[in-house]
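Got a structure for you, questions after.
The values are calculated or read from the model by the stated rules, or taken from the named source; none is laboratory data. The model shown is predicted, which means the values in this text are computed figures rather than measured ones. Cβ sites come from the backbone with ideal geometry, for glycine too, and all protein chains shown count toward neighbours. All accessible areas refer to the heavy atoms of the entire protein, side chains included, with ligands and DNA or RNA removed. Shrake-Rupley method; radii C 1.70, N 1.55, O 1.52, S 1.80 Å.
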Amino acid sequence: MLEEMQPGQRLARGVARHLTRQHGFVSVEEFVPARGLRVDVMGLGPKGEIWVIECKSSRADFQSDSKWQGYLEWCDRYFWAVDLEFPTDLLPEGTGLILADPYDAEIIRMGPEDKLAPARRKVLIQKFATHAARRLQALRDPGVAGVAGVSL
């Protein structure tokens with residue numbers, strides 16, 4: 001399975017593992033907080049905190065991302081996840097940094113906190129829960145996935 005994953009998906013896997021093991025978060029990959037936006041990993045913490053992590057596998061991948069600033073209004077903290085080979089000096093100041101591989105990750109620089117408004121947090125948590133439940137249902141009953149519009 002790991003061999004079939006794209007480089008960014010491998011990073012997302014390590015990030016999700018780290019968030020769960022070290023911070024008590026749950027996460028979903030390829031989450032859509034609003035029309036036109038798709039974050040690589042959205043983490044939901046034990047106190048309702050919401051983190052967005054964008055996984056960049058190369059310089060070209062990073063330089064082609066023109067939407068990342070639009071993600072800032074959908075999280076309490078924002079991070080980039082990259083591998084050890086990535087030129088981290090390209091990453092903007094004032095954002096978090098996670099070094100990752102397919103098996104784990106480490107937060108090198110904590111993203112600054114900018115708390116979401118309570119109403120937006122409530123909507124995002126409900127959307128997160130619905131998305132996660134639909135993915136689980138699609139795994140359990142793949143015939144429902146196409147009807148519900150769920151992708152794994």
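Contact list please: Cβ distance under 7 Å, first residue in region 76-97 and within 15 Å of residue 53 (Cβ to Cβ), second residue assigned to a strand (DSSP E or B) and basic (Lys, Arg), pairs at least six apart or on different chains.
Here the result reads 96/77; 96/109; 97/109, each pair linking region 76-97 to a residue that is assigned to a strand (DSSP E or B) and basic (Lys, Arg).
Which of (1) surrounded by fewer than 17 Cβ atoms within 10 Å (Cβ to Cβ); (2) under 22 Å from residue 135 (Cβ atoms); (3) modelled with pLDDT of 95 or more does residue 6 not meet, given it meets every other one?
(3)
Mind checking which residues of region 35-60 are out of contact with any helix residue (DSSP H, G or I) (no Cβ under 7 Å at 6 or more places or on another chain) and surrounded by fewer than 16 Cβ atoms within 10 Å (Cβ to Cβ)? Working first, answer last.
The initial filter retains those residues of region 35-60 that are out of contact with any helix residue (DSSP H, G or I) (no Cβ under 7 Å at 6 or more places or on another chain), namely 35-36, 38, 46-47, 49, 51, 58, 60.
35, 36, 38, 46, 47, 58, 60 - these are the residues of region 35-60 that are out of contact with any helix residue (DSSP H, G or I) (no Cβ under 7 Å at 6 or more places or on another chain) and surrounded by fewer than 16 Cβ atoms within 10 Å (Cβ to Cβ).
Hey, another quick one. In region 14-33, what count of residues is obtained for those that are open to solvent by 20 Å² or more (accessible area, probe 1.4 Å) and within 22 Å of residue 123 (Cβ to Cβ)?
Selection size over region 14-33: 5.
Something else about it: Among the residues that make up region 70-78, is at least one of them farther than 18 Å from residue 112 by Cβ and at pLDDT below 95?
Within region 70-78, the first condition is being farther than 18 Å from residue 112 by Cβ, and the residues that meet it are none.
Checked region 70-78: no residue is farther than 18 Å from residue 112 by Cβ and at pLDDT below 95.
Which pairs do you get when a residue that is within 21 Å of residue 25 (Cα to Cα) and open to solvent by 90 Å² or more (accessible area, probe 1.4 Å), found in region 126-152, comes within reach of a residue that is at pLDDT below 70 and not basic (Lys, Arg), reach meaning Cβ atoms under 6 angstrom, with the pair 6+ apart or on two chains?
134/148; 134/150
Does residue 105 satisfy the criteria of being surrounded by 12 or more Cβ atoms within 10 Å (Cβ to Cβ), modelled with pLDDT of 95 or more and hydrophobic (A, V, I, L, M, F, W, C)? First the steps, then the outcome.
Working: surrounded by 12 or more Cβ atoms within 10 Å (Cβ to Cβ): yes; modelled with pLDDT of 95 or more: yes; hydrophobic (A, V, I, L, M, F, W, C): yes.
Yes, satisfied.
Further, regarding this structure: If I filter region 83-99 down to residues being assigned to a strand (DSSP E or B) and open to solvent by 10 Å² or more (accessible area, probe 1.4 Å), which single residue comes out as farthest from residue 11 (Cα to Cα)? Please lay out each step first, then the result.
So in region 83-99, the residues assigned to a strand (DSSP E or B) come out as 96-99.
Filter once more, so that each one left must be open to solvent by 10 Å² or more (accessible area, probe 1.4 Å): 97, 99.
On the way: 97: 13, 99: 9 Å.
My answer is 97.
If we scan region 113-124, do we find a residue that is within 14 Å of the chain's Cα centre (by Cα) and either open to solvent by 30 Å² or more (accessible area, probe 1.4 Å) or in contact (Cβ under 8 Å) with a residue 40 or more places away in the chain (or both)? Break it down into steps so the answer makes sense when it comes.
Let us first name the residues in region 113-124 that are within 14 Å of the chain's Cα centre (by Cα), namely 124.
So of that shortlist, the ones also either open to solvent by 30 Å² or more (accessible area, probe 1.4 Å) or in contact (Cβ under 8 Å) with a residue 40 or more places away in the chain (or both) come out as 124.
Yes; the residues of region 113-124 include at least one that is within 14 Å of the chain's Cα centre (by Cα) and either open to solvent by 30 Å² or more (accessible area, probe 1.4 Å) or in contact (Cβ under 8 Å) with a residue 40 or more places away in the chain (or both).
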